[in-house]
1. What size of dipole, in debye to the nearest 20, comes out for chain B about its Cα centre when the only charges are +1 on Lys and Arg C-beta atoms and -1 on Asp and Glu C-beta atoms?
2. Over segment A:7-304, how many percent of alpha carbon pairs lie in each 5 Å bin up to the one with the longest distance?
3. Antiparallel versus total DSSP beta bridges in the protein assembly as shown: what percent is that, nearest 5?
4. Summing both sides, how much accessible area is buried between A and B? Use a 1.4 Å probe and give Å² to the nearest 100.
5. Give the residue list of GluC sites (Glu not before Pro) in segment B:220-300 that are DSSP loop and have at most 16 other beta-carbon atoms within 10 angstrom.
6. Of the accessible area of chain B, with the probe set at 1.4 angstrom, what percent is carbon plus sulfur?
7. Within segment B:253-391, count lysine pairs with alpha carbon atoms under 12 angstrom apart where the residues are 8 or more positions apart or belong to different chains.
8. Looking at segment A:264-308, which trypsin sites (Lys or Arg not before Pro) are in a loop (DSSP not H, G, I, E or B) and have at most 11 other Cβ atoms within 10 Å?
Amino acid sequence: MSRALTIRDLPREERFAPGHRMCQGCGAAILMRHITKALPKDTIIVQATGCVEVTTTLYPETSWMNPWLHIAFENAAAGASGVEAAIKVLKKKGQLPPGKEVRVVAIGGDGGTFDIGIQALSGMLERGHDILYIVYDNEAYMNTGIQRSGATPFGAWTTTTPVGKVWHGEWRRKKDIIGIALAHRVPYVATVNPAYLPDLYAKVSKAMSIKGPKLIHAFSPCVPGWRYEPALTITIAKMAVQTGMWINYEIENGVLNVTTPVPKRKPVREYLKLQGRFRHLTDEEINTIQKFVDEQVAYINKLAGKEVIGPVEA
Amino acid sequence: MGKIVPLSGNSAVAYAVKSADVDVISAYPITPQTTIVEKLAEFIANGELDAEMIHVESEHSALSAAVGASAAGARVYTASSSQGIVLMYEIMFIASSLRLPIVMTIAARALSAPINIWNDHSDFMAVSDTGWVMMMAENNQEAHDDVILAYRIAEDPEVLLPVATALDGYFMTHTIEPIDLIEREDALSFAPKRKTWFTLDPDKPVTIGALGDPQWYFEFKRQQYEAMKKSREVFEKSVDEFAKVFGRRYGAVEYFGDENPEVVLVAMGHVVGNIKAYLSRVRGKDSRAGVLKIKLYRPFPEDLIVKYLEGVKIVGVVDRALVPGSASPGPLHSEIVATLRKHGVDAKTLSFVSGLGGRPVTHEHIGVMFSKLSELKDKPASELPKEPLFIGVRE
């Protein structure tokens, strides 16, 4: 067995140009930089409207060295389906060189994926297109100014779930996008996190080696939306894993593999207290979140068939 | 010359799509369009057409996938009707602004509510501001030919705009007429597959669909406007060559009737045929009346409209769509009034709204329209009705 990848093993070549307008400390910027390193060069990227799209393609500049297409908010998966179908038929009809392996990746935020793009995503997954869909999840509509989405976690403050006398932040639980993808019997799903870049690199590379529809769910800390200092992005991303708020895993043909085991978990309070969006939470609400995380950890351990994520340390 | 076969309007369209050797078809079922895509699926299933069919989950995705496929360099086709067309509305603007030569058939149908699967022009008119070149056929042969014309115009390097070709739901889509088929070889020699637009090529990567801020957005729109204008010249060249090759001549507008008319009805789609028949059989050749068919709706062929309507006393415009609250609730009437006013033509106009939701526009209705025109032709404009005349409705 080969040794585990380290950050030094990742390609030096940059495929995501600097000079874009993303925020300092943006989790999605780190994600895009390293996703593009892992993609084969002959990969076409189809992007949904969102933070990454508006900040990386301000005409006449672009950060993208791959062929790149943006159509609208809710249809990255549909647009990518069209690109993939075109490549397939053009190759068959001899209009593209037969040896040329052109691959397709769709990228969207949580709003463009969990909510407005869910129908197009479902269609893409169900039809079996050879496309990797990557959702960078910053847990709200950040591009329009922090409105809640179907990916906003319980308790989070957003501008449309404000904290007032009656409301106390988001009162519903986050949608299970991996579960939705799995319901389409896709060959590969994975979660990635910008604090674990070799893991991210390995998963994107593996996804690109598998034929058929794939989904990668990427944890994407957001400085203005989550209310923290830009320097804390990686600290928060790491703390999410250490508390079990986020679990790095992959499911390949139904087999689950937790890629970042956590023998002893930290209490979720450690993750929540780093972010202004959770500052209003009561002990009771924090206990509720802890309970949700315990449930998810138990579920993942059950699928793994062993305790890969341990108990909360005392 | 191809062979002559009896075909429904939808089959006629499907045969043309096959002859155009499209690469990607992306469509969603909706009445009365569905049988176009069914026929195309049959062609692919039988190996008669080598294309990818994307069985999308909505019309919104149908056009989104068409945009993706076109951006990847494929010749693409889609078709829809009614609610499906207006579900595509958002992406129709994007397809034209990204300058992608997609061809779509609109099997024209009324819009809900009440839900109604029958023919009028509500869907066609609802998307007439989306930057697409738009044509409407009068008969099935024309619907067949329009598809081939559409690819030629759309993919012209001076145009690069999507083209919508329309035919009336049921009255044409499900009605059988003899069709002189354009064979693949002839279609591809008339509308050859050329890579005239920027595509997503890994060897020459481009960013398509960038953010255009106030520094640039306006210039994009200005260029798009020029492309639409240019499409008119390309249309004229294309129909000229089409006539030479296939022996059928189409015009952006087509006039039928008296050489020096006092009254003219302006109409679109299959109703034009009804009006022609009325003029020939009922009204008689000696009456000073005619019908002007608008085939090309975008770009609106103002010059030809002026040419035919100059000197006419009164023009009746038959609209099969209704825009409540508009200064001119008939959208075609609105275009005609703007054209006449802009070019200083003082023909009076009268707006007729008729045949909504599949109600036939009969010779009786057409008779009422011509009678109204004759009755009002010598009245001063100030005495003309200011509201549309609804023909064939229970008041």
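1. 820 debye
2. Spelled out per bin, shortest first, that is 1, 5, 12, 16, 19, 17, 13, 8, 4, 2, 1, 0, 0, 0.
3. The antiparallel fraction comes to roughly 25 percent.
4. In total, this chain pair buries about 3200 Å².
5. Counting only loop positions with at most 16 other Cβ atoms within 10 Å, the GluC sites (Glu not before Pro) in segment B:220-300 are B:Glu259.
6. 53 percent
7. Lysine pairs meeting the criterion: 8.
8. Hits after loop and neighbour filter: A:Lys264, A:Lys306.
The values are calculated or read from the model by the stated rules, or taken from the named source; none is laboratory data. Bear in mind the structure is a predicted one, so any value in this text is a computation, not a measurement. FYI the Cβ positions are ideal-geometry reconstructions off the backbone, even for glycines, and counts take in every protein chain you see. Each accessible area value is taken on the protein alone, full model and side chains, heavy atoms only, with ligands, DNA and RNA left out. Shrake-Rupley method; radii C 1.70, N 1.55, O 1.52, S 1.80 Å.
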